[in-house]
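The values are calculated or read from the model by the stated rules, or taken from the named source; none is laboratory data. What you see is a predicted model; the values in this text were computed from it and never measured. In this analysis, Cβ positions are derived from the backbone assuming ideal geometry, glycine residues included, and neighbour counts consider all displayed protein chains.
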Amino acid sequence: MGRRKPIQLAWGVRREGRSLWTRNAVKGVSVRDERRKKDSRIEWRYWDPQKSKVAACLLKTKLNPSEIIPKSGSTCLYLGASSGTTVSHIHDHVCGSGNHHNGQIVSVEISPRMMRDLSKLSESRPGLIPVLGDARDPMVISPYLRNKVDWFHQDISVADQTKSFLRISDFFLKDGGIGMLSLKAASERWVEGGDDSRFELAKKLIESNSEVTLIDNVDISHYEGQHRVFIIRK
Ligand SMILES: C[S@@+](CC[C@H](N)C(=O)[O-])C[C@H]1O[C@@H](n2cnc3c(N)ncnc32)[C@H](O)[C@@H]1O
């Protein structure tokens, strides 16, 4: 595969220089026209950090990225799934082809327009469960989860999202589980000051919650302007 030797970060996630690839669960099919390539009988799909904050975060975190990628077969929650670009890469690794890992990714999205694409995607990806509704409401989510989650990501660009993230973590995250909050400074306009003070407030809120530990605070503005990803462990 190219000139650089790939580093296997997890069963279905590879790093090759500055690029990430996931092991395509639906061979021969791209989700958003991304590149695909074969390495013997395995097909890999390019995971674009410009289009996925999780990918950007894996490239920028000071942690070992393998520690913050959910395990294959785990239970995951994805809040603000949009049409499923990032969800599809998480699915490649957590569920695999035909969901032979028996993973679950409950993916919540509020926009009916995006939900149409997400539902279509889920038809070829068993284990991906699309849910139309407000990701801030635990009652929307709980009927679909088989147990508490090992990993979740929130990317919903609304005001007060740090509080909502902590509430979801209280309700649904397993002890030892990982949560990722993608935060855009502009969506926290109600906080006075510049981007830094908005991020500082989010950091303080997380640090004041005794149930979780902030393990990294990742600046991904190189890929996605004004964005940070806060990573917690419960
Ligand atoms: C930046 S996009 C997410 C992109 C996606 N995470 C990805 O990487 O492929 C934010 C999404 O959150 C959705 N959203 C906003 N508020 C929401 C809410 N309260 N509940 C669920 N989804 C919401 C929007 O409709 C939008 O599709």
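Scanning the range 210-229 for residues that are surrounded by 14 or more Cβ atoms within 10 Å (Cβ to Cβ), within 19 Å of ASP150 (Cα to Cα) and not aliphatic (A, V, I, L, M) yields a single hit, ASP216.
Restricting the search to helices (runs of 4 or more DSSP H) fully inside the range 124-234 and requiring at least 3 residues that are polar (S, T, N, Q) gives 161-172.
Where in the range 37-112 are there strands (runs of 3 or more DSSP E), lying fully within it, with 2 or more residues that are of a type outside the set (Asp, Glu) and within 11 Å of the ligand (Cβ to nearest atom)?
Qualifying strands (runs of 3 or more DSSP E): 75-79, 104-109.
Evaluate the range 64-87: report whether one residue or more is modelled with pLDDT under 95, farther than 20 Å from LEU121 by Cβ and either under 14 Å from the mean Cα position of the chain (by Cα) or of a type outside the set (Lys, Arg) (or both). Scanning the range 64-87 turns up no residue that is modelled with pLDDT under 95, farther than 20 Å from LEU121 by Cβ and either under 14 Å from the mean Cα position of the chain (by Cα) or of a type outside the set (Lys, Arg) (or both). On the stretch given as the range 200-232, residues that are farther than 27 Å from GLN50 by Cβ and in contact with a strand residue (DSSP E or B) (Cβ under 7 Å, 6 or more places away or on another chain) total 3.
Checking PRO143, PRO126, PRO138 one by one, the residue that is away from the ligand (no atom under 15 Å from the Cβ) and out of contact with any strand residue (DSSP E or B) (no Cβ under 9 Å at 6 or more places or on another chain) is PRO126 and no other. Listed by first and then second residue, the pairs with beta-carbon distance under 7 Å, at least 6 apart or on different chains, first residue in the range 60-78 and touching a residue at least 40 places away in the same chain (Cβ under 8 Å) and more than 18 Å from SER107 (Cβ to Cβ), second polar (S, T, N, Q) and part of a loop (DSSP other than H, G, I, E, B), are ILE68/THR61.
Conditions (1) farther than 23 Å from SER107 by Cα; (2) buried (at least 20 other Cβ atoms within 10 Å of the Cβ); (3) acidic (Asp, Glu); (4) under 18 Å from the mean Cα position of the chain (by Cα), marked per residue:
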{"residue": "VAL140", "(1), (2), (3), (4)": "no, no, no, no"}
{"residue": "LYS148", "(1), (2), (3), (4)": "no, no, no, yes"}
{"residue": "HIS153", "(1), (2), (3), (4)": "no, yes, no, yes"}
{"residue": "ILE156", "(1), (2), (3), (4)": "no, yes, no, yes"}
{"residue": "SER164", "(1), (2), (3), (4)": "no, yes, no, yes"}
{"residue": "ILE231", "(1), (2), (3), (4)": "no, yes, no, yes"}
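For ASP160, the conditions (1) acidic (Asp, Glu); (2) within 12 Å of the ligand (Cβ to nearest atom); (3) modelled with pLDDT of 95 or more all hold with the exception of (3).
Going through (1) modelled with pLDDT under 95; (2) in contact with a helix residue (DSSP H, G or I) (Cβ under 6 Å, 6 or more places away or on another chain); (3) among the aliphatic types (A, V, I, L, M) one by one, MET1 falls short only on (2).
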